[in-house]
Amino acid sequence: MNSPEQLVEKNSPQHVAIIMDGNGRWAKKKGKIRTFGHKAGVKAVRASVSYALKNGVQVLTLFAFSSENWNRPAEEVGVLMELFKMVLGSEVKKLHKNDVRLNIIGDTSRFDSKLVSKIREAEELTENNDSLVLNIAANYGGRWDIVNAAKQLATQVHTGKIDVADIDEETFSRHTCAADLPAVDLLIRTGGEQRISNFLLWQIAYAELYFSEDFWPDFDEAAFQVAVDVFADRQRRFGKTSEQLS
Ligand code: FPP
């Protein structure tokens, strides 16, 4: 992960993370059931990947399913799982052709074996691609990610592989999801709500936040460009004063 100082001068985001919110409300507005909105959301996923590829975004991380989403009605969870399988089946070749590396971040152990094997196949097929890293956060929670890193480090201390004194922010980062990737520069949330919802808590320490009123299915390349333009006008200070930066 780049240190904040390495990013001070950059005004185009290398790593964009998106909380894709508003599918249910989008569908309701059209008099349809919630899952219609999730299906429509796939088009916006394609648009955001396409924008990222055309505009030099190196990493795009999309929040597809949180650890808390299991609490939704069973039928909605079932449709989302089928949709993930379907999208993996239909999009992976296209992603591979466009040199996109696909990673699923989160606790995949709760998914059914068919979905897990589709995920593994897609990750293996695309592992050497480097035009864009596309992280799909599925059964992901920011607190889970941090606890997981803490457990791994505790095990290493316990077995004598490292000393407590070896643990710093850099080593901790390496045990979180999206390790070895640049920190998030821009976090976008669609759907009009202004909260983080347990997304990448560790990785967004210095991210700029952008909240869009668009429901996710309406978020297109032009809307992505607006978010990037707003980002470009922000002054990222990383704790310094504006005088120090000018
Ligand atoms: C949040 O909207 C959206 C989700 C929980 C699911 C996102 C899934 C997709 C866009 C489909 C496919 C994606 C991939 C990457 C395979 P919401 O249901 O919370 O909307 P609401 O706030 O209006 O209820």
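The values are calculated or read from the model by the stated rules, or taken from the named source; none is laboratory data. Just so it is clear, the structure is predicted and the values come from calculations on it, not from any experiment. As a convention, Cβ positions derive from the backbone with ideal geometry for all residues, glycine included, and neighbour counts pool all protein chains shown. Quick note on the areas: whole protein, heavy atoms, side chains included, nothing else; ligands and nucleic acids left out. Shrake-Rupley method; radii C 1.70, N 1.55, O 1.52, S 1.80 Å.
Structure above, values below:
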quantity	calculated
First in the stretch 139-160 and more than 26 Å from PHE199 (Cβ to Cβ), second anywhere and surrounded by 13 or more Cβ atoms within 10 Å (Cβ to Cβ) and β-branched (Val, Ile, Thr), Cβ under 8 Å, 6 or more apart	GLN156/ILE162; VAL157/ILE167
Cross-chain or 6+ apart pairs with Cβ under 9 Å, the stretch 192-203 first and part of a loop (DSSP other than H, G, I, E, B), then open to solvent by 70 Å² or more (accessible area, probe 1.4 Å)	GLY192/ARG25; GLY192/GLU213; SER197/GLU68; ASN198/GLU68; ASN198/ARG143; ASN198/TRP144; LEU201/ARG143
Residue list for the stretch 60-71, restricted to those being more than 8 Å from the ligand (Cβ to nearest atom) and not in a helix (DSSP H, G or I)	LEU60, THR61
Selection from the stretch 34-54 of residues that are within 10 Å of the ligand (Cβ to nearest atom), in contact (Cβ under 8 Å) with a residue 60 or more places away in the chain and hydroxyl-bearing (Ser, Thr, Tyr)	SER48
Residue list for the stretch 9-42, restricted to those being buried (at least 16 other Cβ atoms within 10 Å of the Cβ), assigned to a loop (DSSP other than H, G, I, E, B) and among the hydrophobic types (A, V, I, L, M, F, W, C)	MET20
Among the residues listed as ALA137, ALA150, ALA122, ALA154, the single one being in contact with a Cys (Cβ under 8 Å, 6 or more places away or on another chain), surrounded by 11 or more Cβ atoms within 10 Å (Cβ to Cβ) and not polar (S, T, N, Q)	ALA137
Options VAL92, VAL87, VAL45, VAL49; residue that is among the hydrophobic types (A, V, I, L, M, F, W, C), surrounded by 16 or more Cβ atoms within 10 Å (Cβ to Cβ) and modelled with pLDDT under 95	VAL87
Among (1) more than 10 Å from the ligand (Cβ to nearest atom); (2) open to solvent by 20 Å² or more (accessible area, probe 1.4 Å); (3) hydrophobic (A, V, I, L, M, F, W, C), the one test that VAL57 misses	(2)
Criterion (within 16 Å of the ligand (Cβ to nearest atom), out of contact with any Phe, Trp or Tyr (no Cβ under 7 Å at 6 or more places or on another chain) and open to solvent by 60 Å² or more (accessible area, probe 1.4 Å)) met by exactly one of GLU169, GLU213	GLU213
The stretch 84-102, residues that are touching a residue at least 12 places away in the same chain (Cβ under 8 Å) and part of a helix (DSSP H, G or I)	PHE84, LYS85, VAL87, LEU88, GLY89, GLU91, VAL92, LEU95, HIS96
So ASP229, is it in a loop (DSSP other than H, G, I, E, B) and over 16 Å from GLY142 (Cβ atoms)	no
Test: residue in the stretch 98-112 that is more than 30 Å from ALA222 (Cβ to Cβ) and open to solvent by less than 30 Å² (accessible area, probe 1.4 Å)	yes
